[in-house]
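A quick write-up on the structure given underneath.
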Amino acid sequence: MAAPAPSADIWHSLFNFYLTSAITISAVVFAIMIYVLIRYRSRGEANPGDPEYRIGDLSQRGSVKVAIALTIILGVLFLGLTTSTFSAMEFMEEIPEDNPDALHIKVLAFQWGWRFTYPNGKTLTGELRVPAGVPVILEITSQDVFHTFSIPAFKVKKDAIPGRINYAWFEGKYAGEYTIRCYELCGVGHAEMLARLLVMEPEQFEKWYEEFSSKG
Amino acid sequence: MEGKEQTRVNPLIVWLFTTNHKNVGILYLVTSLYFLVVAGILALTFRIQLTVPENNFLTASAYNQAVTAHGLFMLLWVVTPLASAFANYVIPIQIGAKDMAFPRLNALSYWLYLASGIMALSSFFAPGGTADWGWTTYAPLNTLQYSPQAGGSLMGLAIIILLSSSIVATINFMVTIFRLRAPGMKLMLLPLFSIFWLVTIFLMLWAFPAFLAPLILLVADRVLGTVFFTSPEGGALLWDHLLWFFGHPEVYILLLPGLAITGDILAVFSGRKLYAKKVIVGALIVAAILSYIVWVHHMFMTGIHPGLREAFNITTELISIPFGVITISYILTLVGGKIRFTTPMLFAIGALALFIIGGASGVFNSSVALNFGMRGTFWVVGHFHYTIVGGGITGLIAGLYYWWPKMTGRMFNEKLGKLHFIIYMIGFNLLYFPMHALYDMPRRIYVYEAATGWGPINMLITMGGFLFGASFILFFWILLDSLRRGPVASDDPWNAKNYSIEWNVPSPPPEFNFPEGKVPVITAQGLEFRSINEIVGGPVSGISARIGPSKAPNIPANGGTPMEHHGPHLSPWPFVLSMGVAMTLLGLFFGPGLLILGLAVFIGSLVGWGWEDLKERFHVAIEALGEKWPFDKVENHTFAMWVFVFGEIGLFGPLFMAYFFVRANASLTGFAWPLPGQIHDITLGALNTILLFTSGLTMSLALIGAKRGEEDLLRAGLVATFILGAVFLAVKGFEWSELFAEGITFGSDISASLYYVLTGIHGAHVLAGLIALIYLIIKAYKGGFSPHRHVGVEAFAIYWGMVDAVWMFLFPLFYLI
C-alpha cells in the first residue's frame, strides 16, 4: 500500500527494515534460548547434585574472546542499524526552504485546537488546506502549554513549545482528507485536540485560496 | 538475652520502632505491594475507559489523574521500594553483616517512604484532585495557571519526601555494602543482586537529587509563585532537560534489581556459574555511565540541533550493546546445567524473554527518523512496559518467590505458582504486545473516535489487562495460603547454599542473621562461621579504635561477641519524625492545626533523636573487621557524609545548570538581566562570603581541637562557627527583607526567582547545619568527644565545607556577573 506522503514512504520502509531485523534477531535469540532450556533441563534426578558455583570462588567461567566477539557483533549490528537511519532522518528533517513553490504555514497550538496562518495573513482554525504535490513548511509554536503537532498518516511530528518556533515539512501526494492530532498530554481537551488536513488538487486549491484571500 | 527482652515488647511497638533490616524489609514489601494494588486498580479503570471508542466511563479529568497517579505510583512507590524490600532483607546477609550501617536511618528511609505515600494518596482528596499532567509533568501544564488543583502541589511535595527517603537509603546502602562486608567477601564475590544494587544506588545518588532539583523549582512555582516554568527563559525545555537527565538513569534504577535477581536465579536453578560474571558487571557499569548521556533521546522532537540528535541517537544505541552482552551471558549461563523449572526459575526465564522483546522494540525508539512516528504513541507505552514490568517487575516477582521461604519460613504451593506463571505471561503479552500495533494512537487520550479503527485492539488490551490483574489475585492468594498452611521451609530449600550466604542461615534468619557469637568468613574453600577470636587471632581490644563515638560496641573482656547489640535497638524517632513531616506538609493543605501539630512533632523528634544519641541509648552493630575495599581508610560516618556531599552535587549541579540555561536564554529573549550591584548589594554579599569563609576556618580549628583532644579549642571553634553561620543567615534575611520592601518578590521575574530559590536552598543547608551544631556543641560541653571519638565533628566539617563551597559559586553568580 502506497503511503500518502514521501515522508511516510520512507518511514514505513525504515520501519519494515527494523521490524525484519528485530524479528530475525529475536527469533535467533529465542531459538537458542528454547534449545538451551530443553537440552539442559533437569531430568528429574531427586538430587540435583553439587552445583558448579561456590561462595568465595573468584574463578571465572567463559572466555574473554567470546565477550569481545559478542560486543563487536552487537556493536556492528546496532550501530549499523542506527546509522542507516540518518539519511532518512535528514530527508524528514531537511526543510525545503529553497523550493520556491513551498507553501509556508504558521501553526499555533492552543488549548485545545490548531490555528493555521497562511502567507496571506488569513487564518483557519481546525482545518488546514494544502495543495497536493507541493511541499508545505510549518512554523510550529504554542500559545499556552507543551503540545505535539502530528499528521500520523504522514509520519510528520514536531513539538509545539510556547516561546519557541519549531520547523517541520510535509508533502501530500494525493488529494484526500487526513487527521492532525496532538501527541503530548496538554490538559483535559488533549484527546479532542484534532484538526482536519485537506490535501486538494492544485487547481482546486488555487481557486479556494483566491477566494479565501479576497474574502473580507 | 536480647531476644527475650524483645518478646516482651508489644508487637505493634516493635513494628513501629524497629530498626532491624529484616523487619524494615518486610515493611517495605507490604507497603510496596499495597501501592502495586492501588496503581494496578487505577490502570484497570483507565483501561475500562479505553476498551471501546467514545466511551464515557471516566471524565477527561478523572482519566488524566488516574494515568498520572498510575505512572507516578508504579515508578516511585512500587518498583524501587519493592526492590528495596529485598535489598533491605537480603543484602546485609549476602554481604555477611548483622544489620545495615545505620539502622535508624534505615527505618527513617522506610517511614519517610510511607509518609510520602500517605501524602500522595491524600492528594486525591485535596481540592481539585491530584496531579493530572502525566507522570512526566511537562511544563508549563504543570504550573498553577494550567493546573490549579492543590493536589498537584501536594503530589509534588510527596515526591520530594519520597526522593529524600531514597537519598537516605542510598547513603546507608553505600556505607553498608562498601564497609560492612564479611572477611574475605570481595565485591566480585557478591551475588549479582548485591552488585547490581550497588550500581543502582550509584545511579540513585545522582539521579534522585537531579529529580529533586526540578521538583523544588516546580513546587516553588506553585507555592511561592516563582516563574521558572512560566517564563520563556526557563519554561518547557528547562523542565524537559532536568526531567530527562533524571529520567534515563531512573529507567535503569527500575530495571537493574529485577534483572540482577533474574541472573542469580538462572545460575542457582541451573547449577552453573554465571557466564562471564566480570563481563556482565563491566557491561552493567558501562550501561550505567551511558545512562547519564542519553536523555536527549526523549526530546528528539523538541527542535534541538540535528547534530545533537545524531550524537544522542548513537549514545542511545550504544546502550543496546552492554544489555545485549548481559542477555546473552544469561542464556549462556544455562548451557551445561541441570535446569530445574521451579516457580522462581520460570519467572526468571519469563523476565529474560520479556526483556528481550522490550529491548528489541527499544532499538526502534533510538532512531530519530522512526520517532516521527513513535513519539508519544502506544508503541512507546508497549516498549517501556516490556522492559520495566516485563524485565523489572517479573524479575522482582521471581525474587519474591525465591526469597519467600527465607523471609517467612514457609514454602508455597509450587503447582499454583506455575499456574500463576502461565496466567501472568498470557495476561502480560495480551496486555502489552498489541500496543505495538497502535503506533499511531496517542498516549494519554481518554477517548478516541470509532473511525480510527483502534477499538478492537484496545478491547484485546483491556482483556489482557484484566487477565494480568487476575494473575495478581492468584499471586496474593498463593502468598497468604503459604503463610496460613505452607509447609515449613528448610534453611536451603533451593539447594542454593553454595551460591550466597542467606541460604546458610535459618529461615527466617535470627535477629542478627548468623549463629550466636559468630560471623561469616569467606575463604577460597567457601563459607565458614567463625567466632571473633579465631579471626583476629587474639584479644580484640584494638578493634574499637576505629569506631565512632556513641557507637562503640561493648567488646566483652572475654572477646566473645563484639558485634552484639546491647540495650534496646528499637527507636521511636524515625517513625515519629516521618509522621511529623507528613503532618506538617499535609497541614499546608488540610488545615493549620495539623501543620502546627506536625511541626511540634517534627521538632520534638529531632530533640528526641539527639537526646537518644547523647545518652547513647542506641547501639549499632558495627563490623570492625572484614572487607572494605576501596574505602578502607575512612570511618563509616565520615564516608556517609562524603557520599551525601557527592549526592549534593546531583542537586546543585542541575540547579546551576538551570541558572546557566536561563542566562543563555535571557540573551536570546532580550531579558535584561540585572547588572552587578543593581539589585543585590555587593558589599553585603562580600560580607557574607567573608563570614562563611571564616566559619569554615573556625570549623577546621574545631576539628583540629577534636583530633588533638584540646577541648577548649573544639568548643570555641564550634561556638564561633555557630555564631558566624547565624550572622550569615541574619544578613541573608536582611537582604531578603530589603528586596521585599523594594517590591522584588519570588515571582517578580526569572532572575529574582533564581536568586530566592538558589540562595534559599543554600540558606536551608546553613540552617540545618546550625541545628546539627547545637547538638555538637552540647555534646562537646558534655565531654562527648575525644581524639578517638570525634567522627561527628569530622562529618560536620565535611558538610560545612560543602556549604561553603556552594556559596563560593552563588556569590559570583548573583552578585558579580
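The values are calculated or read from the model by the stated rules, or taken from the named source; none is laboratory data. Every value quoted in this text rests on a predicted model; they were computed, and no experiment measured them. So basically every Cβ, Gly included, is an ideal-geometry build from the backbone, and we count neighbours across all protein chains shown. Surface areas here come from the heavy atoms of the whole protein model, side chains and all, with no ligands, DNA or RNA. Shrake-Rupley method; radii C 1.70, N 1.55, O 1.52, S 1.80 Å.
Consider the range B:48-66. How many of its residues are open to solvent by 20 Å² or more (accessible area, probe 1.4 Å) and in a helix (DSSP H, G or I)?
4
Find the residue count for the range A:124-148, including only residues that are at the interface with another protein chain (Cβ under 9 Å from one of its Cβ atoms) and farther than 26 Å from residue A:204 by Cα. Step through it out loud before you land on a result.
From the range A:124-148, those at the interface with another protein chain (Cβ under 9 Å from one of its Cβ atoms) are A:140, A:142, A:144-146, A:148; that's our starting set.
Checking which are farther than 26 Å from residue A:204 by Cα leaves us with A:142, A:144-146, A:148.
Total satisfying the criteria: 5.
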### Query
Pick from the range B:349-366 the residues that are more than 7 Å from chain A (Cβ to nearest Cβ) and modelled with pLDDT under 95: which of them is farthest from residue B:430 (Cα to Cα)?
B:365
### Query
Can you spot a residue in the range B:35-47 that is over 20 Å from residue B:131 (Cβ atoms), crowded, with 16+ Cβ neighbours inside 10 Å and either within 14 Å of chain A (Cβ to nearest Cβ) or aromatic (Phe, Trp, Tyr) (or both)?
no
### Query
Would you pick out the residues in the range B:329-357 that are of a type in the set (Gly, Ala, Ser) and free of Cβ contacts under 8 Å to residues at least 40 places away in the same chain?
B:353
### Message
Taking the condition of being free of Cβ contacts under 8 Å to residues at least 60 places away in the same chain and either in a helix (DSSP H, G or I) or aliphatic (A, V, I, L, M) (or both), how many residues in the range B:358-388 meet it?
### Response
12
### Query
Of everything in the range B:319-348 that's β-branched (Val, Ile, Thr), within 7 Å of chain A (Cβ to nearest Cβ) and out of contact with any Gly (no Cβ under 6 Å at 6 or more places or on another chain), which residue is surrounded by the most Cβ atoms within 10 Å (Cβ to Cβ)?
B:325
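Residues that are away from chain B (no Cβ under 14 Å) and open to solvent by 10 Å² or more (accessible area, probe 1.4 Å): which strands (runs of 3 or more DSSP E) entirely in the range A:162-201 hold 2 or more of them?
Details: elements: A:166-170, A:176-182, A:194-200.
Where strands (runs of 3 or more DSSP E) fall fully within the range A:162-201 and carry at least 2 residues being away from chain B (no Cβ under 14 Å) and open to solvent by 10 Å² or more (accessible area, probe 1.4 Å), they are A:194-200.
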### Task
Please find, among B:131, B:120, B:139, B:126, the residue that is more than 14 Å from chain A (Cβ to nearest Cβ), buried (at least 24 other Cβ atoms within 10 Å of the Cβ), touching a residue at least 40 places away in the same chain (Cβ under 8 Å) and not basic (Lys, Arg).
B:120
### Task
Return the residue satisfying two criteria in turn: it lies in the range B:142-171 and is within 14 Å of chain A (Cβ to nearest Cβ) and in contact with a Pro (Cβ under 8 Å, 6 or more places away or on another chain), and of such residues it is least open to solvent (accessible area, probe 1.4 Å).
B:149
### Message
Within the range A:92-107, does at least one residue satisfy the condition of being in a helix (DSSP H, G or I) and within 14 Å of chain B (Cβ to nearest Cβ)?
### Response
yes
### Task
Could you figure out which of (1) facing another protein chain (nearest Cβ under 8 Å); (2) modelled with pLDDT of 95 or more isn't true of residue A:112?
(1)
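Yes/no per residue for (1) in contact (Cβ under 8 Å) with a residue 12 or more places away in the chain; (2) more than 33 Å from the chain's Cα centre (by Cα); (3) surrounded by fewer than 18 Cβ atoms within 10 Å (Cβ to Cβ):
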| residue | (1), (2), (3) |
| --- | --- |
| B:428 | yes, no, no |
| B:435 | yes, no, no |
| B:443 | yes, no, no |
| B:446 | yes, no, no |
| B:449 | yes, yes, yes |
| B:454 | yes, yes, no |
| B:461 | yes, no, no |
| B:464 | yes, no, no |
### Exclusive hit being in a strand (DSSP E or B) and not basic (Lys, Arg), set A:212, A:149, A:205
A:149
### Evaluation of residue A:121 against (1) open to solvent by 50 Å² or more (accessible area, probe 1.4 Å); (2) within 11 Å of chain B (Cβ to nearest Cβ) (one fails), failing number
(2)
### Task
Please determine, by comparing only the residues of the range A:78-92 that are open to solvent by less than 70 Å² (accessible area, probe 1.4 Å), in contact (Cβ under 8 Å) with a residue 24 or more places away in the chain and not hydroxyl-bearing (Ser, Thr, Tyr), which one is nearest to residue B:372 (Cα to Cα).
A:92
### Message
Is it the case, given these coordinates, that residue B:706 is part of a helix (DSSP H, G or I), more than 29 Å from residue B:219 (Cβ to Cβ), touching a His at 6+ places or on another chain (Cβ under 8 Å) and in the same structural domain as residue B:810 (by TED's automatic domain parsing)?
### Response
yes
## Note on the structure
residue B:448: passes all of (1) under 30 Å from residue A:192 (Cβ atoms); (2) assigned to a helix (DSSP H, G or I) but (2)
### Task
Taking residue A:22 as meeting all but one of (1) within 30 Å of residue A:130 (Cα to Cα); (2) open to solvent by less than 70 Å² (accessible area, probe 1.4 Å), write down the number of the exception.
(1)
### Message
If I ask for residues that are open to solvent by less than 50 Å² (accessible area, probe 1.4 Å) and more than 15 Å from residue B:328 (Cα to Cα), which ones from the range A:55-77 would you list?
### Response
A:55, A:56, A:57
### Query
Residues B:739, B:754, B:813, B:718: which one is more than 25 Å from residue B:644 (Cβ to Cβ) and in contact (Cβ under 8 Å) with a residue 60 or more places away in the chain?
B:739
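Yes/no per residue for (1) buried (at least 24 other Cβ atoms within 10 Å of the Cβ); (2) modelled with pLDDT of 95 or more; (3) aromatic (Phe, Trp, Tyr); (4) within 28 Å of residue B:334 (Cα to Cα):
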{"site": "B:262", "(1), (2), (3), (4)": "yes, yes, no, yes"}
{"site": "B:267", "(1), (2), (3), (4)": "yes, yes, no, yes"}
{"site": "B:285", "(1), (2), (3), (4)": "no, yes, no, yes"}
{"site": "B:298", "(1), (2), (3), (4)": "no, no, no, no"}
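Within the range B:322-331, is even one residue touching a strand residue (DSSP E or B) at 6+ places or on another chain (Cβ under 7 Å) and assigned by TED's automatic domain parsing to the domain that holds residue B:378?
Within the range B:322-331, the first condition is being touching a strand residue (DSSP E or B) at 6+ places or on another chain (Cβ under 7 Å), and the residues that meet it are B:329.
Okay, now just the ones that are also assigned by TED's automatic domain parsing to the domain that holds residue B:378, so B:329.
Yes, there is a match, as at least one residue in the range B:322-331 is touching a strand residue (DSSP E or B) at 6+ places or on another chain (Cβ under 7 Å) and assigned by TED's automatic domain parsing to the domain that holds residue B:378.
Listed residues B:110, B:89, B:63; which is within 14 Å of chain A (Cβ to nearest Cβ) and not aliphatic (A, V, I, L, M)?
From the options B:110, B:89, B:63, the qualifying one is B:63.
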### Message
Let me spell it out: the conditions are (1) outside the structural domain of residue A:159 (by TED's automatic domain parsing); (2) in contact with a Gly (Cβ under 7 Å, 6 or more places away or on another chain), and residue A:114 meets all of them except one. Which number is the exception?
### Response
(1)
